[in-house]
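Engineer: Sharing a structure with you now.
The values are calculated or read from the model by the stated rules, or taken from the named source; none is laboratory data. Since the structure is predicted, the reported quantities are computational estimates derived from the model, not experimental observations. Every residue, glycine as well, gets a Cβ built from its backbone with ideal geometry; the counts of neighbours run over all protein chains shown.
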Amino acid sequence: MTGHDIIRFKMKENGMENQALSVTLAFVDQINQGNASGLVNFVAEDHVFIDISGKTETGAAQMVSNWQDYLKNYPDYRIFINRIFQINEEIYLIGHTTGSHLAIPEDVEFITEGVIWKSVVISGKIVKWQLFKDTLQNYEMINLSTAKELFAAAYFARTIAKHLDILPPGARTA
């Protein structure tokens, strides 16, 4: 599914569009396609980005510039999603990346470096994109045990396919 497809395909639940999820997944699609300039369509002008260390950047233009640099330097960067939760207009993606700045083998990064992404969507735009380490302490701090779990089969299928791709030689059967 391309970024354009996700824009046309609105995530629905009980017959109603889930705008926060649709916008968040469209944003992820743009990142996974290496299309930093396409991200501007999904973020508010006063967008706030908080990295895993707590460093904050503000403004849509700054965010696009930072993503352009990052995706130029790490063209294989991809986000893979294992689980999705929602608390009000906040979407939490739990998953892994590949091709990042960590300079570790893809299989190690994908298996060991879990991430929680928080996307806050207001009026159809992401106002905050925040990263957390995927830890039990962060699950509890965010209170994910009370969050509503959402499903996006196409995204989960990509993650399963990636798990299969990184199996060692001889680990798969015909």
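Engineer: For segment 21-41, what are the residues that are among the small types (Gly, Ala, Ser), within 16 Å of the chain's Cα centre (by Cα) and part of a helix (DSSP H, G or I)?
Structural biologist: Result: Ser22, Ala26, Ala36, Gly38.
Engineer: Only residues in segment 114-143 that are at pLDDT 95 or above count as the first member; pair them with residues that are assigned to a helix (DSSP H, G or I) and of a type in the set (D, E, K, R), Cβ under 7 angstrom, at least 6 apart or cross-chain, and list the lot.
Structural biologist: If the second residue must be assigned to a helix (DSSP H, G or I) and of a type in the set (D, E, K, R), no pairs are left.
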